[in-house]
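The block underneath contains the structure these notes are about, expressed in structure tokens.
What follows draws every value from the coordinates through simple rules; no lab data is involved. Predicted model, so just to flag it, every value in this text is computed and none were measured. Cβ coordinates were reconstructed from backbone atoms using ideal geometry, including for glycine residues, and neighbour counts include every protein chain displayed.
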Amino acid sequence: MRNLIPNIPAEIDFGPKTYAVELVQELESSEHVRLNGNHLADWSKMRLDADLEEQHVYVVLWHEIIHAILTPPELNDENKIDELLLEAMVSAIAYGIVEVLDRNPDLVQYRGRRG
Ligand SMILES: [Zn+2]
């Protein structure tokens, strides 16, 4: 597999899972729609299109991380929110996190007091 994305984490550790970050050529949904990324909770994978421009990789990875955060077991079929609303929210949060981290480097270092 061609890897044009340097220094991308191989794994994201979150909740009870460690997600493998995979680069996929011509990433598509099961309906054959071209995707920038997707999050496969059942397979503990976050997949990114291998041809993403580097400037988009970070925000797409954050997008998939937020999908993982917003996929707790209690969000089942009965109380799922609308897919379009979910995508809009996930995108807004991902772009927001990336912008906050980019514009506030001190925040990246600051971890607060824990425990
Ligand atoms: Zn999404």
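Stretched out straight at 0.36 nm per residue, the stretch from E11 to A50 would grow longer than its current Cα-Cα span by 12.5 nm.
Here the extension length gained between A41 and Q109 equals 21.6 nm, from 0.36 nm per residue of separation less the Cα-Cα distance.
Amide H contacts for A50 (H built 1.01 Å from N in the peptide plane; partners 5 or more residues away or on another chain; cut-off under 5 Å): V24, Q25, E26, L27. Per DSSP H run of at least 4 residues, take -39500 (n - 2.57); add these up for the chain, divide by its residues and hand me the 222 nm value, nearest 500 deg cm²/dmol. Using -39500 (n - 2.57) per qualifying helix, the result is -12000 deg cm²/dmol.
Using only side-chain charges placed at the Cβ, +1 for Lys and Arg and -1 for Asp and Glu, the dipole size of region 11-109 relative to its Cα centre rounds to 200 debye. First obtain the Kirkwood hydrodynamic radius of region 55-115 from its Cα pairs, then insert it into the Stokes-Einstein equation at 10 °C and 1.306 mPa s, and state the resulting D in µm² per second as a whole number. For these conditions, the coefficient is 120 µm²/s.
Across the chain the C-alpha pair distances fall into 10 Å bins from zero in the proportions 12, 40, 37, 10, 1 percent.
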